[in-house]
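The values are calculated or read from the model by the stated rules, or taken from the named source; none is laboratory data. Computed from a predicted structure; not experimentally measured. When we count neighbours, we look across all protein chains shown, and the Cβ atoms used for this are built from the backbone with ideal geometry, even at glycine. Side chains are part of the model used for accessible areas, which takes the heavy atoms of the whole protein and leaves out ligands, DNA and RNA. Shrake-Rupley method; radii C 1.70, N 1.55, O 1.52, S 1.80 Å.
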Amino acid sequence: MPPGLVEFLLDPGDGDGEDESRSRCVVGLAFWGGFRPKEIAQLKGRDLVLAADGSGVLRTEWRAEEVVMPAVAVKHLTHYAGLRVARAGRLAREAALIVRLGSETPLSAGAAWRLLREWTDAQTEHAEGYRLSTRAIRETHAQLAGVDAGDYLGAIERQTATRQRTTRLTLPRQVGGQRVTADLLSKMAASIGAS
């Protein structure tokens, strides 16, 4: 897992401009959603279905299962969409979810890959041994969506919640999968934001 990934994904990015917000969305879609750069480039606004609790799901034509996204990831996507609306006006449901900077042209797979590589290179500049690949993205996604994610994210929560101690959030051992982890991540993001 790239150093600093969880902290980056849990940062709400409220002050991000369009460039930073776009990068945060691409990184989140790759590592939280397990999307490959080609799939990120194919996502449309209509694919994101919001839930009442602030989380959401991505329903695509090429995946049999919907991809659960925690509330903080949905916040990144809606913040990015808001910046696009401020720049370009109303967005159609058919519009690309992620676009080229300063335009409404869909992001290419190559551009999505470059954004991922730029972010991971910046994070791993002084860390040896991490190399970005589609396999590394899948493995990191599996770690974030797996049964052991609760312990790992709990450790991150203890490290980052310095001002206010929140109640311990645990992931049931008998339950694995994205939905439980997404809910855990959403609660952690809310508790970190409150501290």
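Details
- E20 being of a type outside the set (G, A, S), in a helix (DSSP H, G or I), under 11 Å from W119 (Cβ atoms) and open to solvent by 10 Å² or more (accessible area, probe 1.4 Å): yes
- Within the stretch 74-109, tally of residues that are in a helix (DSSP H, G or I) and of a type in the set (K, R): 3
- Between S103, S108, the distinction of being open to solvent by less than 50 Å² (accessible area, probe 1.4 Å), of a type outside the set (F, W, Y) and at pLDDT 90 or above belongs to S103 only.
- Count of residues meeting criterion [among the small types (G, A, S) and exposed (fewer than 13 other Cβ atoms within 10 Å of the Cβ)] in the stretch 83-100: 3
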